[in-house]
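Note sheet for the following structure.
The values are calculated or read from the model by the stated rules, or taken from the named source; none is laboratory data. None of these values were measured; they are calculated from a predicted model. We place every Cβ from the backbone using ideal geometry, glycine too, and count neighbours over all the protein chains shown.
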Amino acid sequence: MKFKGADILTTSQFGKADMAVLFRKALEMEKVLNAQGKGVGKGVGKNKSGRGGKGFSKLFDGKILATLFFEPSTRTRFSFETAFLRLGGRVVSGADMMATSSVRKKETLYDTGRVVSELVDLIVARHPEPFSIDEIARGANVPVINAGDGAHEHPTQALLDVYTIWKEASGKLDGLTIGMIGDLKNGRVPHSQCDLLKNWNVNFVFVSPKALNMPWEVKDDLVASGREFYETEDLNEAIGVMDVICATRIQEERFESAKEAAKYRGIYVIDSAMMKKAKKNAILMHPLPRVDEIAVEVDADTRAKYFDQVRNGLAIRMALMAMVV
Ligand code: NCD
């Protein structure tokens, strides 16, 4: 794909070769973050967690990013915004657009996209309606990046997840068994992850209650790509075969009522006892926020990678925005 000037709306835009280009660029961005003193960035060295530095560059000097969030977010919005700031740009931020934007005055998303694009160089948007970011992109005359459209897709989260797996597996994804656990019906992250991971010869194990199974559109797509999947409700039975364990939360906000969602609360909890059943060299991932899917005691397990994912997300978003703008 051609990155420059492109809207990033769906994972289906990315083939294996595109991911290779993006991941190499993300490795370069990690160098920017980790640089000390002179050079690509003026780093401040390793942070307290030892997970990497906080350097920056001047690539986006004079550029402005707008983030339009019509749905709650902490890490995704901060990740995009800090990524843009670390590349020397500036940010205008709409964190609560449902309540505070002209959408309250019945402005269309098309018009919002058009208007904001007259002011900035790049738009990142999240909205509860599937395909709504496409509408913003239709109006805008600058690139638009989808930061989550309802239960549909979350392309950059899936890209950073695959980047994390790619780094952990030293680029060798073929043959891996990928487990996805939780609300696979409503979770946009597992949908986008499947769409990217089907590019490799991997197997899938889906663990969810029957009512929250992975949608058929996603499974049909895997079959069409020659991939195999196995479905179960029983995490105890399945965790031991997984090389990559992807936990997700029950997407409470997508249920008809809190009562309905409460039926599934605490259904899959990964604690130290559960991790004893997992492979010694497995990795445990989660897009966060976690509710009760992973006990805090597991954070100290060397297989836990969810905080590394946050760092990897910063590098991936720096890389993607650098290539698009
Ligand atoms: C995910 C999301 O918003 O879909 N979070 C994120 O972006 N890191 C997962 C979730 O909310 O469960």
Within the stretch 22-36, which residues are surrounded by fewer than 19 Cβ atoms within 10 Å (Cβ to Cβ), within 19 Å of VAL325 (Cβ to Cβ) and either without any contact (Cβ under 8 Å) to a residue 60 or more places away in the chain or in contact with a Phe, Trp or Tyr (Cβ under 6 Å, 6 or more places away or on another chain) (or both)?
-> ARG24
State the number of residues belonging to the stretch 241-254 that are in a loop (DSSP other than H, G, I, E, B) and away from the ligand (no atom under 15 Å from the Cβ).
-> 2
Does the stretch 137-153 hold any residues that are more than 16 Å from the ligand (Cβ to nearest atom), of a type in the set (A, V, I, L, M, F, W, C) and part of a loop (DSSP other than H, G, I, E, B), and which are they?
-> ALA140, VAL142
Considering the stretch 302-312 alone, what residues qualify as being of a type outside the set (Ser, Thr, Tyr) and either under 14 Å from VAL32 (Cα atoms) or surrounded by fewer than 16 Cβ atoms within 10 Å (Cβ to Cβ) (or both)?
-> PHE307, ARG311, ASN312
Is one or more of the residues making up the stretch 82-89 in a strand (DSSP E or B), more than 13 Å from the ligand (Cβ to nearest atom) and within 20 Å of the chain's Cα centre (by Cα)?
-> no
So which of LYS259, LYS279, LYS219 is charged (D, E, K, R), away from the ligand (no atom under 16 Å from the Cβ) and in contact with a Gly (Cβ under 8 Å, 6 or more places away or on another chain)?
-> LYS279
Flag if LYS276 is basic (Lys, Arg) and either surrounded by fewer than 18 Cβ atoms within 10 Å (Cβ to Cβ) or in contact with a helix residue (DSSP H, G or I) (Cβ under 6 Å, 6 or more places away or on another chain) (or both) = yes
Options ASP111, ASP183, ASP134, ASP161; residue that is over 27 Å from ARG24 (Cβ atoms) and within 14 Å of the ligand (Cβ to nearest atom) = ASP183
Single residue of GLY179, GLY148, GLY171 found to be within 24 Å of ALA315 (Cα to Cα), in contact with a strand residue (DSSP E or B) (Cβ under 6 Å, 6 or more places away or on another chain) and not charged (D, E, K, R) | GLY148
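For (1) in a helix (DSSP H, G or I); (2) in contact with a Pro (Cβ under 9 Å, 6 or more places away or on another chain); (3) surrounded by 13 or more Cβ atoms within 10 Å (Cβ to Cβ), each residue gets a yes or a no:
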| position | (1), (2), (3) |
| --- | --- |
| ALA158 | yes, yes, yes |
| LYS167 | yes, no, yes |
| ASN186 | no, no, yes |
| CYS194 | yes, no, yes |
| ASN199 | no, no, yes |
| LYS219 | yes, no, yes |
| TYR230 | no, no, yes |
| GLU256 | no, no, no |
| ALA261 | yes, no, yes |
Breaking point among (1) away from the ligand (no atom under 16 Å from the Cβ); (2) within 30 Å of MET1 (Cβ to Cβ), for GLY313 = (1)
Can you pull out the residues in the stretch 114-131 that are buried (at least 23 other Cβ atoms within 10 Å of the Cβ) and within 16 Å of the ligand (Cβ to nearest atom)?
-> VAL124, ALA125, ARG126, HIS127
Could you tell me whether the stretch 294-311 includes any residue that is more than 24 Å from GLY182 (Cα to Cα) and at pLDDT 95 or above?
-> no
Test set (1) more than 16 Å from the ligand (Cβ to nearest atom); (2) not acidic (Asp, Glu); (3) not in a loop (DSSP other than H, G, I, E, B) - GLY226 fails condition number | (3)
